[in-house]
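Asker: Please read through the structure below; I'll follow up with questions.
Quick note: the coordinates plus some simple rules give every number you see, no bench work behind them. Note that this is a predicted model, so its numbers are computed, not measured. Every residue, glycine among them, receives a Cβ derived from its backbone with ideal geometry; neighbour counts consider all protein chains shown.
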Amino acid sequence: MTGRLVQTHVLVTGAGGGIGLAIAEACLAEGARCTLVDRSPAPSDGVALLQRTHSTRVVYLPADVTDTNAVAQLIDAAQTANGPVHTLVNNAAVFDMAPLLESDEASFDHLFAVNVKGMFFVMQRVLQHMVDAGTAGASVINMASQAGRRGEALVSHYCATKAAVISYTQSAALAMAPHGIRVNAIAPGVVDTPMWGHVDALFAKYEGRQPGEKKRQVGLEVPLGRMGTPDDIAGAAVFLASDEARYITAQTLNVDGGNVMS
């Protein structure tokens, strides 16, 4: 590691495991101070390990990103603990799927509450703090998905939420450019995280597959021949957070093994 994020404060939502935890590990390895956020009142085992390993540079704050009052308190607490936020990694998200004619209002409301409302108001609050603090080289990284690049018959709500992430990223980048704040997104493809157990089970239910079959199939269909790993995404996040990406804004970087070409 090269110390690319020394003397920076990185705030990561959805940091309890998977991609969020991998990004936190990579940022810490590059010298950052990290505020890690998840819904659980207590840190996950992975976050607790980071706290023990990097005791002076890791703070865990529980918060529900769909609660705008909680978001305001969260950002204030993060700044009190670790100073002005240099980079936000807006990673908290949920997944669900169903045939279009069976999709219900509860699933719609839940997906849009976390993936769009939560994403936007965390971003808005952090951006306001960045503007007020005049944080040099500040950046926001929103977590989109290859699902935001296209529709899928069984995944209509989730695809729509991730398309919204891409659109809000572009709008925010243009709004923040005069302040020297960069806003980008990452669009992962199929990534081997614990959530894929839930995803695979849903595909098994709605497509009549055997457990594990969908996961094997999507990995083989990736041009590079495998599912991604959380570390694949973490490397892209560190790059976008660093000064190496100082002239990159309003972009959504596909990190998907070649699934989407743009």
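Asker: Averaging sequence separations of C-alpha pairs under 8 Å and six or more residues apart, then dividing by the length of the chain, give the relative contact order as a whole percent.
Answerer: Contact order relative to length: 19 percent.
Asker: Here's another thing I want to ask about it. Just report the Cα centroid separation between segment 108-180 and segment 224-255, whole Å.
Answerer: Answer, in whole Å: 16.
Asker: Now a separate question. Return the long-range amide H neighbours of Val65 (sequence gap of 5 or more, or a different chain), with a cut-off of under 5 Å between placed amide H atoms.
Answerer: none
Asker: By a straight-distance test (C-alpha under 22 Å), which lysines pair with Lys214 as possible cross-link partners, with residues fewer than eight away in the same chain excluded?
Answerer: Lys162, Lys205
Asker: Moving on. In the chain, which whole DSSP H runs stretch at least 24 Å along their own axis (Cα) and average -0.5 or higher on the Kyte-Doolittle scale?
Answerer: Correct list, ordered by number: 156-176.
Asker: Please rank Arg216, Arg182, Arg125, fewest neighbouring Cβ atoms within 10 Å first, as an exposure proxy.
Answerer: Fewest to most other Cβ atoms nearby, the residues stand as Arg216, Arg125, Arg182.
Asker: Helix-derived [θ] at 222 nm for the chain: sum -39500 (n - 2.57) over DSSP H runs of at least 4, divide by residue count, nearest 500?
Answerer: -13500 deg cm²/dmol
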